[in-house]
Amino acid sequence: MEKLRKLIVDTAESSGLDMSCLLSEPAMTSHLPWKLSWVTLENFVLENKLKAALLSSTAVNRENEKTHTNRNLPWSVGSDFSSRQNKFIAKSRVLAELESASGKEIKKAESILSSIVFGLTKEPGFVERAVLSNDTRKRFSVIEDSILRAGAAMRCLARSANLGSAKVLTAVTAVLLPSGCVEKNSSSCRDFCETLGINPKSKYVELGIENRKLYDSFLMRDGDILVGEEVTCRSSPAAVVTDIGRNGSVTVKLLPFNNEKKYRSFVSGKVRRLEPELDNYQRKTRFDTTPQHVKTTIEDFFRRHVPISPNKRDIAKRRHPQHPAMYETKQAMLRYQTMNELWQQFLEEHEEMGLLMQNPKLPNTAPMIFHNNAPWEMRKAKDSGCLCKDCESFHLLRRGVTGACAAIVKILDRVKLILQPSTELQSSINYLSKIKDVISTLSGYETIVKCLQPCLLSNKLENSDFICLNGKSCKACGFRQWWSNGLRKLLMGDDSTINQDLELSGDEWSLTGIDWWYFSSIAKPTIVSQSNEDDNENDTDDYQPTQNTSRTLCQATKRGTLVDFLDEFETQSERHASHRNIVSAEHRAQIQYHRNVRCFVVRRDIDYSENGSIKDKRQIQSQYWVTQGYTLFVSISSWLMACEWNKTTGSIPVDAEVTVYGELAGEEINKDSFWAIVTDDDEAEEGGYEVTDAQGKIHQIPRSLLRHRKRHSVATGHVTDDKIHDRHAM
């Protein structure tokens, strides 16, 4: 009140009023002075309000005029607000208008703001990202930069024509593809391609869409892996589950070589479902690629002319270059001829095809296409065996088996056209089919077994009877039962010519197209024989034979007909059967000794490796005519380790040899013991092992009843001047 009173007094004085009049009688007794003062005050207030209204109207008019002017002006980049307060006021005004227009409904507000932003995007200098939140702006900035860089790289790769670039383009397209792109002609796909700047009609876009569909379907799969599903594992990028054990183990078949691999668990083998390839891109075959029928013809030629190794253990093995656990095995093919010699035979059989592959400058040299399409299991032959003349002669004879089988197949194909064969013809066909079955076996051992098959029931040559091995004593078995005592009597006449009346006869029997090798002894020329030859030149009345007794053993080639080859095959097979029986019996005895020998028995094997001559570093002339010889031989002594044999605890590795129910070292041999090999140690922690005996039976045996057959070998080299290889040289 004091402040108000003071304000009123000061205002009155400043207005020139006489404050003493307020104390006069009229002022104190009449209300007119006070009414006049109130009216004056009201007039003053109304004047102030009028002035304020005029000023506000002027400001509004000025603001409307400014707004009207701004609407007509074009958009410019301008500058940001000078202060945060001005920015806040502007934000409040815009937000108030937005709330009023949308009724505070989010969808309407989004539609309004989207329309505003869409309209402003047409103005130059407008940055669309500036209207986003900070987090969205950062994320959008990274995505946009990645898309622009990816588009630039893809446009550059699209100009390349190699397969690697096509695979990269296909993979990138599949990875970046949005969910709405299900077809390359869809609007979403066109927008996607337009964003990256790539051609929506290109092949890699189409394949990228297909690859992404397959990958999306893979992502939808759930649950445990089942038998038969394709998976990836540590050993191969592609495999098929073949078995799932109760203990959690898993067995897979590795592709493409189809060998099996067993893991203890899915985790240890890193086994998981096979993911579809996002970069799968198949190109059309180039016009200059070697046709498949040419590759097949070359491979078939090698398989006809290159024999398979007669040794069952001669296995060719190849591993995957990137995944060594994958491997493929096949029976080895032994090439006894050079590639150029085989090429000449190929030209004779496939002249038109060979001329197209032939190098005009090197017509007798096998081209690379001929080398590259040879079977991978084919290798240059290296003869091996017991190196006796019987074995090696039979091996050399078997080199003509391929040509003989080819001739027999032609004969059988020709007689198949006869609709109603006679009894004699049917009998001849049966003989010929049996002969082909015998000579086409993979090894000499199997050939002799088939020859003795009517009497040999165990398929073990060492079990054959003596009468079957003694020449032509047995009347039931032997190659002669099908050839000389069978088909040859029907085919050949009394004058050793082919019976043309027989329907089985043909040119295949008389053509000399079968080659085989044999050993031949050639006499060495000496001074005596050369002098006799000189005398014979002067004296031609009488012939004087050479007096040389030194001969050289060498290999020679013989070419004959199918009849000649079968005659020789019968002779050699009868001669080879007895020798092969002895070798098989020795091999069986060696295996039995190896499996049943006990501790404290030492075995010593000696092999005379080579002979040679000892020469001094510096020799006088007369020493050149004197040779000091030596013999080099190796001695290997081996025995079972008693310390390992007597163990009743401890681990035994898989594939280790054991004696089940074996006695301790030095004790009396247990008659019930038997040899076996450890095949599984999954239950080794519980003290049990799975072993397989010689007959293939599986047993579960505790560790305490297994004697580990661990051998210790000592090899020593020896040199002696004794050229006679007997026990005195040891």
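The values are calculated or read from the model by the stated rules, or taken from the named source; none is laboratory data. As the structure is a computational prediction, the values presented were derived from the model and not from experiment. Virtual Cβ from ideal backbone geometry, glycine too; neighbours counted across all protein chains shown.
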## Note on the structure
Cβ pairs under 9 Å, 6+ apart or interchain, first in the stretch 607-621 and of a type in the set (A, V, I, L, M, F, W, C), second surrounded by 10 or more Cβ atoms within 10 Å (Cβ to Cβ) and not in a strand (DSSP E or B), ordered by first then second residue, are I614/T627; I614/D721
### Message
Against the conditions (1) within 30 Å of H576 (Cβ to Cβ); (2) part of a helix (DSSP H, G or I), where does R414 fall short? Just the number, please.
### Response
(1)
### Query
Got a number for residues in the stretch 184-208 being of a type in the set (D, E) and either surrounded by 13 or more Cβ atoms within 10 Å (Cβ to Cβ) or under 12 Å from V172 (Cα atoms) (or both)?
2
### Task
Return the residue satisfying two criteria in turn: it lies in the stretch 406-417 and is in contact (Cβ under 8 Å) with a residue 12 or more places away in the chain and more than 18 Å from R335 (Cβ to Cβ), and of such residues it is farthest from the chain's Cα centre (by Cα).
V415
### Query
Looking only at the stretch 603-625, which residues are among the charged types (D, E, K, R) and more than 25 Å from I636 (Cβ to Cβ)?
K615, D616, K617, R618
### Task
Might you check whether a residue that is in the same structural domain as K203 (by TED's automatic domain parsing) and not in a helix (DSSP H, G or I) occurs anywhere in the stretch 163-177?
yes
### Task
Could you grab me the full set of residues in the stretch 106-152 that are loosely packed, with under 14 Cβ neighbours inside 10 Å, on the phi < 0 side of the Ramachandran plot and of a type in the set (G, A, S)?
S111, S114, S115, G119, A130, S133, S141, S146, A152
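Every residue, every condition in (1) within 22 Å of T720 (Cβ to Cβ); (2) assigned by TED's automatic domain parsing to the domain that holds G717; (3) touching a Phe, Trp or Tyr at 6+ places or on another chain (Cβ under 8 Å), yes or no:
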| position | (1), (2), (3) |
| --- | --- |
| R580 | no, no, yes |
| A585 | no, no, no |
| N596 | no, no, yes |
| D607 | yes, yes, yes |
### Summary
By residue number, the members of the stretch 556-612 that are assigned to a strand (DSSP E or B), at pLDDT below 90 and more than 30 Å from S520 (Cα to Cα) are R604, D605, I606
### Query
Among the residues of the stretch 492-516, which ones are under 14 Å from L566 (Cα atoms), touching a strand residue (DSSP E or B) at 6+ places or on another chain (Cβ under 6 Å) and modelled with pLDDT under 85?
T512
### Query
How many of the residues making up the stretch 188-202 are polar (S, T, N, Q), over 15 Å from A152 (Cβ atoms) and assigned to a helix (DSSP H, G or I)?
1
### Query
Among D655, D721, which is in the same structural domain as D605 (by TED's automatic domain parsing), in contact with a Phe, Trp or Tyr (Cβ under 6 Å, 6 or more places away or on another chain), modelled with pLDDT under 90 and surrounded by fewer than 12 Cβ atoms within 10 Å (Cβ to Cβ)?
D721
## Note on the structure
Filter the stretch 372-393 for residues that are surrounded by 14 or more Cβ atoms within 10 Å (Cβ to Cβ) and under 30 Å from T289 (Cβ atoms); the one that is modelled with the lowest pLDDT is R379
### Qualifying positions in the stretch 309-337 - among the hydroxyl-bearing types (S, T, Y) and assigned to a loop (DSSP other than H, G, I, E, B)
S309, Y336
### Task
List every residue pair whose Cβ atoms sit under 8 Å apart, with the two residues 6 or more apart in sequence or on different chains, where the first one lies in the stretch 269-296 and is farther than 30 Å from F218 by Cβ and the second, anywhere, is surrounded by 11 or more Cβ atoms within 10 Å (Cβ to Cβ).
T290/I369; T290/N373; V294/M353; V294/M357; V294/I369; V294/N373; K295/N373
